[in-house]
Amino acid sequence: QVQLVESGGGLVQAGGSLRLSCAASGPTFSANARGWFRQAPGKEREFVAALTWSGDVTYYADSVKGRFTISRDNAKNTVDLQMNSLNSEDTATYYCAADRWLTTLRSGVPDYWGQGTQVTVSS
């Protein structure tokens, strides 16, 4: 069973930045596609960003393009999400996700989820 643990959430002012990190453990070879989702209060969970094992192919939701950057360090088995120019609409619980297939992950039904980390942007 792959385990994912997020860190780095917190409270930030609008226009500020945060960096989230997701550490994976267990048989991670079975879940090399990684990504981030978020869920705001009263809303459905939505895709934020994802990348391949090599990190050379990345995908972003339109709402975060140009502001967020996803990256990974395979030696450390971590995936980070650098979030810049944050605004109140970015307030949500952010979840790390992993799956064998990137298409499955992006569809919103990955095999593995982290427990989530809260990001709150104050205006």
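The values are calculated or read from the model by the stated rules, or taken from the named source; none is laboratory data. Worth saying up front: this structure is predicted, and the values here are computed from it rather than measured. Here the Cβ is made from the backbone with ideal geometry for all residues, glycine too, and neighbour counts use every protein chain on show. SASA here: full protein model, heavy atoms, side chains in, ligands and nucleic acids out. Shrake-Rupley method; radii C 1.70, N 1.55, O 1.52, S 1.80 Å.
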For this session: Evaluate the stretch 52-61: report whether one residue or more is charged (D, E, K, R) and at pLDDT 95 or above.
Result: no
For this session: With a cut-off of at least 3 residues that are among the hydrophobic types (A, V, I, L, M, F, W, C), without any contact (Cβ under 8 Å) to a residue 40 or more places away in the chain and over 23 Å from Ser122 (Cα atoms), name the strands (runs of 3 or more DSSP E) lying wholly within the stretch 1-68.
Result: none
Exercise. Is there a residue in the stretch 49-69 that is small (Gly, Ala, Ser), under 19 Å from Gly8 (Cβ atoms) and loosely packed, with under 15 Cβ neighbours inside 10 Å?
Worked result: yes
Seminar exercise, completed: Filter the stretch 81-101 for residues that are charged (D, E, K, R) and open to solvent by 30 Å² or more (accessible area, probe 1.4 Å); the one that is nearest to Gly42 (Cα to Cα) is Glu89
For this session: Look at Asp80 and say whether it is assigned to a loop (DSSP other than H, G, I, E, B) and of a type outside the set (A, V, I, L, M).
Result: no
Exercise. Of the conditions (1) open to solvent by 70 Å² or more (accessible area, probe 1.4 Å); (2) over 20 Å from Gly10 (Cα atoms); (3) part of a helix (DSSP H, G or I), Leu105 fails just one. Which one is it?
Worked result: (1)
